[in-house]
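The values are calculated or read from the model by the stated rules, or taken from the named source; none is laboratory data. All values reported here derive from a predicted model rather than from experimental measurement. As a convention, Cβ positions derive from the backbone with ideal geometry for all residues, glycine included, and neighbour counts pool all protein chains shown.
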């Protein structure tokens, strides 16, 4: 299972080498994403991205600072708050920006602005243990998981960066601190090992009539 | 004469092309059938690939869809590789049967369907962002072409009202799923009824096959996406479709069963289920928290109607058990007793248990080894684990019936029931009576014991009565007795070699058998440096998880990461894992290293536990809860930290904690004797299903446990 997920994310991250050269696109709102989905099969893309471990739903804060280089070293409110809480984002947080391909882009009106931005997301990790965080970006960025700095990308870095972190199962907040130059970017979280060949025995997140219908179509597997 | 010639000329002019087209269609249909037969007779992967390619390259027209679907349905279960199956699923999905104009004898069912506008008028007060005004399904059962019961045609009508802008956003896309080998989907309506009287048709996607590459699961199901543009509050969305049998034969040979849950993610005004069947057909219904059916008899047919009104929405919360645990449901089956169920399933299972020469040779080898019963079971279990990869081809009846053991052996892959069947066949061949066990895992939610159908089960394992032992063939790294967490507590139905079925509950492993024990001996130097030796033992299924992790993971790095959460300066000097062979009952990790715990000053803090479990975050993150919490099986955890303190060190010992409730047990004790400091912790969480009414108490337990385990010991160095 995990081999395929890993291959998926590497394919999505590595094959798109021209990512950082692309013009930033306006993020889709939830309804726009759904509308687009019906036309070009982006629901499938959204599922594929999530399946590949890419984070697709984000909340944006910013910009902060005065557009100076040293601004990036400062800790602005979202970062201070995240470090203080060092817990997982609450369900009340709204992740209003949806990127079906997992590629976070700044809105056009912000894409050329100087300063520091924070993009926050939330993920559910289904196992205790080590996880690998992947970041593909073209600029200066830092990634925090539950308020802890996990990965730093400086201006000279290239390629997809990865960092291992340890986490327990449950909800976790992920926050990217970045400059406009670092967007678009993609963040994925995947387990490091890939030996699982058995079916996923994770408890259902939710049981409903449609789940039972799905279960009936799935059979004993 | 001339007039006759002219007439004949007209006839030729108009009829010949039609005859020609019909002949071409017939020839394509023959070609499809010929490819199917050649594929089924092929003996090499190259030949099969060639026939799949031939099928793909045919110019398929809509009138060929039925023939193509029949061919694909016959070929899919015979596929020997994922690539073949995927290609066939794609070919089938690209050419679905189901144009309305080709459907005939569709029932109108006017007695049971509702008028959307009238339903909206009757529902004065809006409830929720979106509400289902009606959700109706009518199953017409009849005999198949061989005179067997249970051939089903379904008619579905669903009407929703959009009550808010957000509701419009979340509802704009719906999917209809169907089983392509058993059903043909005919859409009657997929439309939006606007407030101003306009009707907007949905945009309908091409059919897509359902496959989950990430879990190696492949299904004959397909989805058709319906996109409703320009939805606004007040709009009604109506879907109506028929699911007709794809063939005149009931693949289940007289069997029919359905499980319908009566609660969904939207509040529902009316859910109606109707079954129309010949009066001679026996049907057994289990109405769980539902009113009994209204029954009518007319013209040799019996109509049963179940209804529920004003049903709450199912709240979306993590760790919720399957809805059958908390929702009303209807289960209908042609089978009404456990004896009948056992006989019937045995008739599906037993013919496929014949061993191949290869498997017979394996069985003989095990027999020659003169092993105990336990040894034989272990040998069989490991053989199947090693020789059979997990790939699930859930095609047609094989969603519930294992493929023949010979086929699984040849393919080298199978799903849970294929592996379970192979284990059962091999065990019987080595003289160990074994039963095939269908399992409804704990997370699927309980059902009452009076219901009999395969649809209730989502997993399969083998059962050895002599040892009261379950063997899950999909748990690749598990040794005997190490059962995956979700199997534990599951409802099982075992079927023995004579077709006797027995209902069983899989017991939970005891906290002693499912344990992580950690002993750390640490020497604290006056300069604040800690040298430690850590020994961690895993028993039960969590030993299997370690075997899997250790196969591909960097042990030292992983352990460093665990400790670095609390002690960022940790360095690992030596790391080794023992007992990773399955024969070993426990896996032990031995790790030595050092930590520089002083960051300026003389005061250092030591963790009471390395278990950063955060029970609250994991199992009780919400303040309030509507659904029960399915607490998963986690290992009990025992930690002992022995510190040698430098002479003159001062220690402020926190208070001990002893907490024992129905939810679990937490013990944290601190003791100091001269230069020895001992911190001992124990954590045990009961794998309960915590009712929503008990959630506050459960959350309080998790909070108290977290607080106790996260407490720190302050040491002031001399």
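Odds and ends about this structure:
- Criterion applied to B:126, B:74 was being over 26 Å from the mean Cα position of the chain (by Cα) and more than 21 Å from residue B:177 (Cβ to Cβ), and the one residue passing it is B:126.
- Screening residue B:116 against (1) under 30 Å from the mean Cα position of the chain (by Cα); (2) under 30 Å from residue B:332 (Cα atoms) leaves a single unmet condition, (1).
- Within the set B:581, B:612, the sole residue that is at pLDDT below 85, more than 14 Å from chain A (Cβ to nearest Cβ) and out of contact with any strand residue (DSSP E or B) (no Cβ under 7 Å at 6 or more places or on another chain) turns out to be B:581.
- Selection over segment B:457-491 of residues that are surrounded by 23 or more Cβ atoms within 10 Å (Cβ to Cβ) and outside any loop (DSSP other than H, G, I, E, B) gives a count of 8.
- Residues in segment B:555-575 that are closer than 14 Å to residue A:129 by Cα and either more than 37 Å from the chain's Cα centre (by Cα) or part of a helix (DSSP H, G or I) (or both): 10 in all.
- Residue check for residue B:133: over 28 Å from the mean Cα position of the chain (by Cα) and not assigned by TED's automatic domain parsing to the domain that holds residue B:273: no
- Segment B:421-453, residues that are part of a helix (DSSP H, G or I) and modelled with pLDDT of 95 or more: B:421, B:422, B:423, B:424, B:425, B:426, B:427, B:428, B:429
- Test for residue B:82: is it at pLDDT 90 or above and closer than 30 Å to residue B:213 by Cα: yes
- Test: residue in segment B:635-646 that is touching a helix residue (DSSP H, G or I) at 6+ places or on another chain (Cβ under 7 Å) and surrounded by 19 or more Cβ atoms within 10 Å (Cβ to Cβ): yes
- From the options B:216, B:265, residue that is buried (at least 21 other Cβ atoms within 10 Å of the Cβ), modelled with pLDDT under 90 and either under 30 Å from residue B:346 (Cβ atoms) or within 10 Å of another protein chain (Cβ to nearest Cβ) (or both): B:216
- Scanning segment B:281-299 for residues that are more than 16 Å from residue B:139 (Cα to Cα) and in contact with a strand residue (DSSP E or B) (Cβ under 9 Å, 6 or more places away or on another chain) yields B:286, B:287, B:288, B:289, B:290, B:291, B:292.
- Qualifying position, being buried (at least 16 other Cβ atoms within 10 Å of the Cβ) and without any contact (Cβ under 8 Å) to a residue 40 or more places away in the chain, among B:132, B:126, B:116: B:126
- Qualifying residue in segment B:147-160 (condition: at pLDDT 90 or above, away from chain A (no Cβ under 14 Å), surrounded by fewer than 19 Cβ atoms within 10 Å (Cβ to Cβ) and out of contact with any strand residue (DSSP E or B) (no Cβ under 6 Å at 6 or more places or on another chain)): yes
- Among the residues of segment B:303-317, those that are over 11 Å from residue B:261 (Cβ atoms) and in contact with a strand residue (DSSP E or B) (Cβ under 7 Å, 6 or more places away or on another chain) comprise B:303, B:304, B:305, B:306, B:307, B:309, B:310.
- Selection status of residue B:412, under 24 Å from the mean Cα position of the chain (by Cα), under 22 Å from residue B:74 (Cα atoms) and surrounded by fewer than 18 Cβ atoms within 10 Å (Cβ to Cβ): yes
- Filtered residues of segment B:496-538 (kept if more than 14 Å from chain A (Cβ to nearest Cβ), without any contact (Cβ under 8 Å) to a residue 60 or more places away in the chain and part of a strand (DSSP E or B)): B:505, B:533, B:534, B:535, B:537
- Some residue of segment B:94-105 being under 28 Å from the mean Cα position of the chain (by Cα), surrounded by fewer than 17 Cβ atoms within 10 Å (Cβ to Cβ) and outside any strand (DSSP E or B): yes
- Residue-level check: of (1) at pLDDT below 90; (2) within 31 Å of the chain's Cα centre (by Cα); (3) under 26 Å from residue B:681 (Cα atoms), residue B:552 misses just (3).
- Strands (runs of 3 or more DSSP E) enclosed by segment B:167-268 - at least 1 residues per element that are within 20 Å of the chain's Cα centre (by Cα): B:173-179, B:208-212, B:217-227, B:257-261
- Scope segment B:308-347; condition crowded, with 18+ Cβ neighbours inside 10 Å, assigned to a helix (DSSP H, G or I) and modelled with pLDDT of 95 or more; matching residues: B:341, B:342, B:344, B:345, B:346
- The one condition from (1) surrounded by fewer than 20 Cβ atoms within 10 Å (Cβ to Cβ); (2) more than 14 Å from every other protein chain (Cβ to nearest Cβ) that residue B:557 does not meet is (2).
- Verdict on residue B:141 being away from chain A (no Cβ under 14 Å), under 30 Å from residue B:90 (Cβ atoms) and in contact (Cβ under 8 Å) with a residue 24 or more places away in the chain: no
- Complete set of residues in segment B:290-307 that are within 14 Å of another protein chain (Cβ to nearest Cβ) and either touching a helix residue (DSSP H, G or I) at 6+ places or on another chain (Cβ under 7 Å) or surrounded by fewer than 19 Cβ atoms within 10 Å (Cβ to Cβ) (or both): B:290
- When restricted to residues that are in contact (Cβ under 8 Å) with a residue 60 or more places away in the chain, in contact with a helix residue (DSSP H, G or I) (Cβ under 6 Å, 6 or more places away or on another chain) and not in a helix (DSSP H, G or I), segment B:356-390 contains 1.
- Hey, residue B:25 in a helix (DSSP H, G or I), surrounded by 11 or more Cβ atoms within 10 Å (Cβ to Cβ) and modelled with pLDDT under 80 or not: yes
- Selection from segment B:684-706 of residues that are outside any helix (DSSP H, G or I) and touching a residue at least 60 places away in the same chain (Cβ under 8 Å): B:684, B:685, B:687, B:689, B:690, B:691
- Count of residues meeting criterion [more than 28 Å from the chain's Cα centre (by Cα) and either closer than 11 Å to residue B:642 by Cβ or crowded, with 22+ Cβ neighbours inside 10 Å (or both)] in segment B:676-698: 7
- Residue check for residue B:313: under 28 Å from residue B:211 (Cα atoms) and within 14 Å of chain A (Cβ to nearest Cβ): no
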